[in-house]
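Written out below as structure tokens is the structure these notes cover.
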Amino acid sequence: MQIKAILFDIDGTLVDSNDMHVLAWEEAFASIGEKFDRQVVHDQIGKGTDMLVPTLLPDLDEAAQDKLGDAHSAVFKTKFLGEAKPFLQAHELLAHAHQNGQKIVLASSASASELDHYLGLLDAREFVAATTSSDDVKHTKPAPEIFATALDKLEGISADEVVVVGDTPYDIEAARKCGIAAIGLRSGKFSNDVLRNAGAIAIYDDAAALLAGYAHSPLGR
């Protein structure tokens, strides 16, 4: 079946920011006297505050979780957001999909303000049909709500006509819960096994590799 729409994650997929998020979380945790190995934190990247914090600090109440998430957001926006750069050929990948007649939705656990910043950074406003952020849902990835909300914005397009492109197992799990197939990119520094075990139907190094193999990928078939 022809793919009519693509739901792109952003952090770690189109923009090289995962390591920055790790550092921002590290600083946020330090503000309450908590410390985790960086790999432990990295392994949770892709989740929003509502999913990440309870995994690492299950005894925190909701107010404390929110406060920690606000601390992470403040550090990330102040120290790192302006330094984040698109991956090589991320813009060209979006342009190619658009020229191919496929609708593009950016569907991220990032905040709406961060997502808007990334739209400008990627120079992609003319290509993107819709966006969905953590501000639009109660639960972030790996809950299905972000992708389910994105799918609702694609009137007349069914889940089997859509593919998700993401870099974390949480993207792939969230997609699967919506009945959407997902491509995994290694650019977020998750292993083949992690992405494959989550259910990725194909794995590529990064946006440039996916663009190079587009015609024979699940997006081009």
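Any idea how many residues of region 161-186 are open to solvent by 20 Å² or more (accessible area, probe 1.4 Å) and either in contact (Cβ under 8 Å) with a residue 60 or more places away in the chain or closer than 19 Å to Val41 by Cα (or both)? Write out each step before concluding.
Start the filter on region 161-186 by keeping residues that are open to solvent by 20 Å² or more (accessible area, probe 1.4 Å), which leaves 161, 170, 173, 176-179, 181, 186.
Now drop any that are not either in contact (Cβ under 8 Å) with a residue 60 or more places away in the chain or closer than 19 Å to Val41 by Cα (or both), which leaves 161, 170, 173, 186.
Count: 4.
Using the structure shown, decide if Gly82 is in a helix (DSSP H, G or I) and either over 26 Å from His139 (Cβ atoms) or not aliphatic (A, V, I, L, M) (or both).
On the way: in a helix (DSSP H, G or I): yes; either over 26 Å from His139 (Cβ atoms) or not aliphatic (A, V, I, L, M) (or both): yes.
For Gly82, the condition - in a helix (DSSP H, G or I) and either over 26 Å from His139 (Cβ atoms) or not aliphatic (A, V, I, L, M) (or both) - is met.
Checking the condition free of Cβ contacts under 8 Å to residues at least 40 places away in the same chain and part of a helix (DSSP H, G or I), which residue from Leu115, Leu119 passes? Talk me through it step by step, then tell me what you get.
Numbers: Leu115 fails: free of Cβ contacts under 8 Å to residues at least 40 places away in the same chain.
Just a single option satisfies the conditions, and that option is Leu119.
Could you please tell me which pairs satisfy a Cβ distance under 8 Å, a separation of 6+ or placement on different chains, a first residue in region 127-138 that is farther than 22 Å from Ala90 by Cα and assigned to a loop (DSSP other than H, G, I, E, B), and a second residue that is open to solvent by less than 30 Å² (accessible area, probe 1.4 Å) and not basic (Lys, Arg)?
Close Cβ pairs satisfying both conditions: Val137/Ala143; Val137/Ile146.
Can you pull out every residue in region 36-51 that is part of a loop (DSSP other than H, G, I, E, B) and either open to solvent by less than 40 Å² (accessible area, probe 1.4 Å) or under 12 Å from Ala24 (Cα atoms) (or both)?
Start the filter on region 36-51 by keeping residues that are part of a loop (DSSP other than H, G, I, E, B), which leaves 36-37, 43-44, 46, 48.
Scanning region 36-51 gives Gln44, Gly46, Gly48.
Within region 207-219, is even one residue open to solvent by 40 Å² or more (accessible area, probe 1.4 Å), closer than 28 Å to Val40 by Cβ, hydrophobic (A, V, I, L, M, F, W, C) and in a helix (DSSP H, G or I)?
Looking only at region 207-219, we keep the residues that are open to solvent by 40 Å² or more (accessible area, probe 1.4 Å), and these are 212, 215-216.
The next check asks that each one be closer than 28 Å to Val40 by Cβ; those that pass are none.
Within region 207-219, not a single residue is open to solvent by 40 Å² or more (accessible area, probe 1.4 Å), closer than 28 Å to Val40 by Cβ, hydrophobic (A, V, I, L, M, F, W, C) and in a helix (DSSP H, G or I).
Read through the list (1) over 19 Å from Pro86 (Cβ atoms); (2) in a helix (DSSP H, G or I), then give the number of the only condition that Ile203 fails.
(2)
Filter region 1-35 down to the residues that are modelled with pLDDT of 95 or more and among the polar types (S, T, N, Q), then identify the one that is most open to solvent (accessible area, probe 1.4 Å).
Ser31
What are the pairs with Cβ atoms under 8 angstrom where one residue, in region 75-89, is closer than 19 Å to Lys189 by Cβ and at pLDDT 95 or above and the other, located anywhere, is in a loop (DSSP other than H, G, I, E, B) and polar (S, T, N, Q)? Sequence gap at least six, or different chains.
Listed pairs, sorted by first residue: Phe80/Ser17; Ala84/Ser17; Phe87/Thr13.
What's the total number of residues in region 45-70 that are in contact with a helix residue (DSSP H, G or I) (Cβ under 6 Å, 6 or more places away or on another chain) and over 20 Å from Leu115 (Cβ atoms)? So that I can check it myself, show each step before the final result.
Looking only at region 45-70, we keep the residues that are in contact with a helix residue (DSSP H, G or I) (Cβ under 6 Å, 6 or more places away or on another chain), and these are 45-49, 53, 65, 68-69.
Then keep just the ones that are over 20 Å from Leu115 (Cβ atoms); that gives 53, 65, 68.
Count: 3.
On the given criteria, is Phe29 out of contact with any Pro (no Cβ under 6 Å at 6 or more places or on another chain), in contact (Cβ under 8 Å) with a residue 40 or more places away in the chain and assigned to a helix (DSSP H, G or I)? So that I can check it myself, show each step before the final result.
Values: out of contact with any Pro (no Cβ under 6 Å at 6 or more places or on another chain): yes; in contact (Cβ under 8 Å) with a residue 40 or more places away in the chain: no; assigned to a helix (DSSP H, G or I): yes.
Against the criterion (out of contact with any Pro (no Cβ under 6 Å at 6 or more places or on another chain), in contact (Cβ under 8 Å) with a residue 40 or more places away in the chain and assigned to a helix (DSSP H, G or I)), Phe29 does not qualify.
With open to solvent by less than 10 Å² (accessible area, probe 1.4 Å) and touching a Pro at 6+ places or on another chain (Cβ under 8 Å) as the only criterion, which of Leu115, Leu106, Leu122, Leu93 stands out?
Numbers: Leu115 fails: touching a Pro at 6+ places or on another chain (Cβ under 8 Å); Leu106 fails: touching a Pro at 6+ places or on another chain (Cβ under 8 Å); Leu93 fails: touching a Pro at 6+ places or on another chain (Cβ under 8 Å).
Result of the check over Leu115, Leu106, Leu122, Leu93: Leu122.
The values are calculated or read from the model by the stated rules, or taken from the named source; none is laboratory data. As the structure is a computational prediction, the values presented were derived from the model and not from experiment. Cβ atoms come from the backbone with ideal geometry, glycine included; neighbour counts cover every protein chain shown. Only protein heavy atoms, including side chains, enter the accessible area calculation; ligands, DNA and RNA are left aside. Shrake-Rupley method; radii C 1.70, N 1.55, O 1.52, S 1.80 Å.
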